[in-house]
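The values are calculated or read from the model by the stated rules, or taken from the named source; none is laboratory data. Remember, it's a predicted structure, so these values are computed and weren't measured experimentally. Positions of Cβ are backbone-derived with ideal geometry, glycine not excepted, and every protein chain shown enters the neighbour counts. All accessible areas refer to the heavy atoms of the entire protein, side chains included, with ligands and DNA or RNA removed. Shrake-Rupley method; radii C 1.70, N 1.55, O 1.52, S 1.80 Å.
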Amino acid sequence: MTAAAPSPRCRACVRSSGGPIRCKCSRPRGTEAGVRSRGWLKIQDGCDEHCTFCATTLARGANRSRPIPELVAEARALSEHHAELVLTGVHIGTYGRDRGSGLGTWDSEVPTRAPNPEPRGPSLGRLLEALIAAVPRVRFRLSSIEATEVDDAIARLLIGAPRQLAAHLHAPLQSGSNRVLKRMGRHWYTADAYRARVEWLAARLPVFGLGADVIAGFPGETAADHRATLALIEALPFTYLHVFPYSARPGTAAMRLGEEVPARAVRDRASELRLLGDAKKEAYREKRKGQTGDGVVSGHAAGRLELLTEDYLSVYLPTAAWDGRARCEVTVD
Ligand code: SF4
């Protein structure tokens, strides 16, 4: 991977300061050792859902959102040291619902209706608007969000403010079969609703990093259900997948569902999904080759810097070629 040429202003700065690490063109700067310019902002904890495979709700309790003014103040402080802030939590798409916002009006029974009206009151979209207004020089990124919880306010920012909100969604899919989604307790979307929201966004984003979690071999999953998942993944513009062969977690409702899938079939289905995920990842990388990206330094090892683009591609640079900026244009190769 190669970095695009530094801006003229940056070259001048390098010349006048006598060394690339002292470049003053862009704050914040990395440091020569332990470079990492991404920070994390935890916006909520807990989850009100009860997916049958998940032990998180048992351990973390109900949705609790932090107040917007407190998060804005923390983001301001973090922005002194980080060029990118990742919004984290257990179920961030429900941010604000415990603070008086109505449930989103997304209706999974109307799968072709892609626009997703905003909820009333505090919401993730409103939080993002406040954060971006307060610290516009930072790039925010959503850690993981349900596709059908990307409301119109979030979509507007993804499309209209690419420097402030990274064009990347990690949207758990889990299964492409409505029958399996129902058994998983994931009642708030169908495969068609997921597909409609992703396709609507993909048609409007010139670059779009899209990842998903998928579970292979959930209890009761048939060969036809598995094929439905493969077909949905094939049809959507995923750029990577996280595939989990199903394994029972103590205390979860899925343990009582019965109809366990034989271990061999679980393994085979997981490998098939991984192969498909790898192929889609390679195809996306190939498509992006030679194009520029908005890189933020994310790590430093063995004489190389890792920068992460808005669409979640890693680009590497020799440390010696680095001009000290925590964020710069890179070329994907
Ligand atoms: S999988 Fe996610 S949405 Fe479902 S219960 Fe666990 S944390 Fe909540």
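Values for this structure:
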read-out	value
Only listed residue being open to solvent by less than 50 Å² (accessible area, probe 1.4 Å) and not small (Gly, Ala, Ser), chosen from PHE244, PHE238	PHE238
Residue in the range 85-107 that is of a type in the set (A, V, I, L, M, F, W, C), surrounded by 14 or more Cβ atoms within 10 Å (Cβ to Cβ) and either farther than 30 Å from ASP213 by Cβ or at pLDDT below 95 (or both) present	yes
Criterion (assigned to a helix (DSSP H, G or I), in contact (Cβ under 8 Å) with a residue 12 or more places away in the chain and within 16 Å of the ligand (Cβ to nearest atom)) met by exactly one of ALA193, ALA212, ALA228, ALA224	ALA193
Conditions (1) in a loop (DSSP other than H, G, I, E, B); (2) among the hydrophobic types (A, V, I, L, M, F, W, C); (3) farther than 25 Å from VAL296 by Cα; number of the one not met by VAL207	(3)
Hits in the range 309-327 - residues which are more than 14 Å from ALA166 (Cα to Cα), open to solvent by less than 30 Å² (accessible area, probe 1.4 Å) and either in a loop (DSSP other than H, G, I, E, B) or free of Cβ contacts under 8 Å to residues at least 24 places away in the same chain (or both)	TRP322, ASP323, GLY324, ALA326
Filter result for the condition that a residue is more than 17 Å from the chain's Cα centre (by Cα) and within 21 Å of ASN178 (Cα to Cα), over ALA270, ALA263	ALA270
LYS287 vs. criteria touching a Ser or Thr at 6+ places or on another chain (Cβ under 8 Å), surrounded by 13 or more Cβ atoms within 10 Å (Cβ to Cβ) and not in a strand (DSSP E or B)	no
Residues of the range 129-148 satisfying the condition of being away from the ligand (no atom under 16 Å from the Cβ) and of a type outside the set (Lys, Arg)	GLU129, ALA130, LEU131, ILE132, ALA133, ALA134, VAL135, PRO136, VAL138, PHE140
Filter result for ALA12 (at pLDDT 75 or above, away from the ligand (no atom under 12 Å from the Cβ), closer than 30 Å to LEU317 by Cα and assigned to a helix (DSSP H, G or I))	no
ASP333 surrounded by fewer than 22 Cβ atoms within 10 Å (Cβ to Cβ), part of a loop (DSSP other than H, G, I, E, B) and acidic (Asp, Glu)	yes
Tally of residues being closer than 28 Å to ALA224 by Cβ and small (Gly, Ala, Ser) across the range 269-303	5
The range 132-168, residues that are in a helix (DSSP H, G or I) and under 18 Å from ASN116 (Cα atoms)	ALA147, THR148, GLU149, ASP152, ALA153, ILE154, ALA155, ARG156, LEU157, LEU158, ILE159, GLY160
Identity of the residue in the range 50-84, within 16 Å of the ligand (Cβ to nearest atom), among the small types (Gly, Ala, Ser) and outside any loop (DSSP other than H, G, I, E, B), that ends up surrounded by the fewest Cβ atoms within 10 Å (Cβ to Cβ)	ALA59
Unmet requirement for ALA253, which otherwise passes all of (1) modelled with pLDDT under 95; (2) over 23 Å from THR57 (Cβ atoms); (3) among the hydrophobic types (A, V, I, L, M, F, W, C)	(2)
Failed item in (1) surrounded by fewer than 19 Cβ atoms within 10 Å (Cβ to Cβ); (2) over 24 Å from GLU259 (Cα atoms); (3) of a type in the set (Asp, Glu), with ASP213 passing the rest	(2)
Qualifying residue in the range 65-72 (condition: touching a residue at least 40 places away in the same chain (Cβ under 8 Å), touching a strand residue (DSSP E or B) at 6+ places or on another chain (Cβ under 9 Å), farther than 22 Å from LEU308 by Cβ and not aliphatic (A, V, I, L, M))	yes
Residue in the range 299-308 that is at pLDDT below 95, open to solvent by 10 Å² or more (accessible area, probe 1.4 Å), touching a Pro at 6+ places or on another chain (Cβ under 8 Å) and farther than 30 Å from ALA191 by Cα present	yes
Residues being more than 14 Å from the ligand (Cβ to nearest atom) and either part of a loop (DSSP other than H, G, I, E, B) or of a type in the set (A, V, I, L, M) (or both) - total across the range 85-102	7
Residue satisfying all of: in the range 149-171; within 16 Å of the ligand (Cβ to nearest atom) and either of a type in the set (D, E, K, R) or open to solvent by 10 Å² or more (accessible area, probe 1.4 Å) (or both); farthest from GLY209 (Cα to Cα) among these	GLU149
